[in-house]
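Peer 1: Sharing a structure with you now.
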Amino acid sequence: MSEDVSEAATTAASTPGPSTPSVPATDPATEPTSEAETEAEAASAHDTVEAAVRAQLAKALGGVRGMIEAAVPTLAFTGTYIGTDEIKPAVAAGVAAAVVLLLIRIAQRSNPQFVLNSLVGIGIAAFFALRSGKAEDAFLPGILLNAGYAVAMIFSIAVRWPIVGFIIGSVTGDPTAWRSDPGVVKLCMRLTWLLVLPCAVRVAVQYPIYLADGDQSGLLGPAKIVMGWPLQVAALAAMLWLLARGRTPIERERPPAEPA
């Protein structure tokens with residue numbers, strides 16, 4: 001899961017309304033009352049499907065830093081195993097790299113979500129490798145996870161409920177309204193296919209290597225790294241290219257008109 005994937009963040013301009021009685025600055029009504037309101041205001045800044053999808057994808061991946069944090073523990077594990085031919089030092093190196101990244105996040109008081117995901121991933125990989133005593137088993141959970149993602153996304157396309165559509169729903173506030181527009185459904189299906197491709201390619205390449213005789217960790221490690229965030233960035237670049245070609249307006253729910 002390099003090129004920077006930028007968030008589309010535009011601040012909506014407010015227009016003055018008719019004069020009203022002054023309200024004290026400390027009145028709670030003038031202050032945001034919840035995090036949900038803040039998120040709703042940010043969502044209103046996106047006036048097209050393309051802008052909403054770009055912003056949500058960038059947020060989901062954590063930008064360049066999030067993708068690097070996902071790759072570093074694998075680099076540490078693979079590099080150490082190739083150098084030492086020992087599983088335990090390789091596992092320790094991978095976990096230690098994730099912990100260091102987590103401590104940096106904590107020290108900077110920034111969101112540790114992506115480091116925690118990486119730590120959980122390397123922890124599961126370590127469990128598989130230590131249990132079997134085979135370094136290549138550290139890569140099996142990732143292969144199975146990619147297979148599961150691919151199957152789930154293909155199924156969502158087959159039933160015309162593509163996963164990317166729910167990104168639109170998260171912005172509009174209605175999780176299913178996007179399905180009423182065939183153009184938006186078609187766009188979301190294309191974007192979901194672009195998310196399927198990296199997962200399917202990883203499984204198609206890495207699983208046969210895993211099944212081959214002998215210790216295949218020397219091949220699986222580089223394959224995982226090369227087909228990890230670089231492949232994901234390539235897929236996202238294709239998505240951004242597709243999104244840049246259109247400006248599909250977002251249809252938001254409108255409040256009922258007040259009686260005259």
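The values are calculated or read from the model by the stated rules, or taken from the named source; none is laboratory data. Remember, predicted model here, so these are calculated numbers, not experimental data. Note: ideal-geometry Cβ built from the backbone for every residue, glycine included; neighbour counts use all protein chains shown. Accessible surface is based on the protein model in full, side chains and every heavy atom, while ligands, DNA and RNA are left aside. Shrake-Rupley method; radii C 1.70, N 1.55, O 1.52, S 1.80 Å.
Peer 1: So which pairs qualify, if the first residue must be in region 166-190 and farther than 21 Å from A237 by Cβ and open to solvent by 20 Å² or more (accessible area, probe 1.4 Å), the second must be among the aromatic types (F, W, Y) and in a helix (DSSP H, G or I), the Cβ gap must be under 8 Å, and the two must be at least 6 apart or on different chains?
Peer 2: From residues that are farther than 21 Å from A237 by Cβ and open to solvent by 20 Å² or more (accessible area, probe 1.4 Å), the pairs are T172/W178; P175/F166.
Peer 1: Which of the residues spanning region 101-146 are surrounded by 15 or more Cβ atoms within 10 Å (Cβ to Cβ) and among the basic types (K, R)?
Peer 2: Listed by number, the residues that qualify are R105, K134.
Peer 1: Oh, and also: Among the residues of region 197-226, which ones are surrounded by 21 or more Cβ atoms within 10 Å (Cβ to Cβ) and under 18 Å from M67 (Cα atoms)?
Peer 2: P198, C199, R202, G221, K224 - these are the residues of region 197-226 that are surrounded by 21 or more Cβ atoms within 10 Å (Cβ to Cβ) and under 18 Å from M67 (Cα atoms).
Peer 1: Please work out if A126 is over 25 Å from L243 (Cβ atoms) and not hydroxyl-bearing (S, T, Y).
Peer 2: Here the answer is yes, as A126 does meet what is asked.
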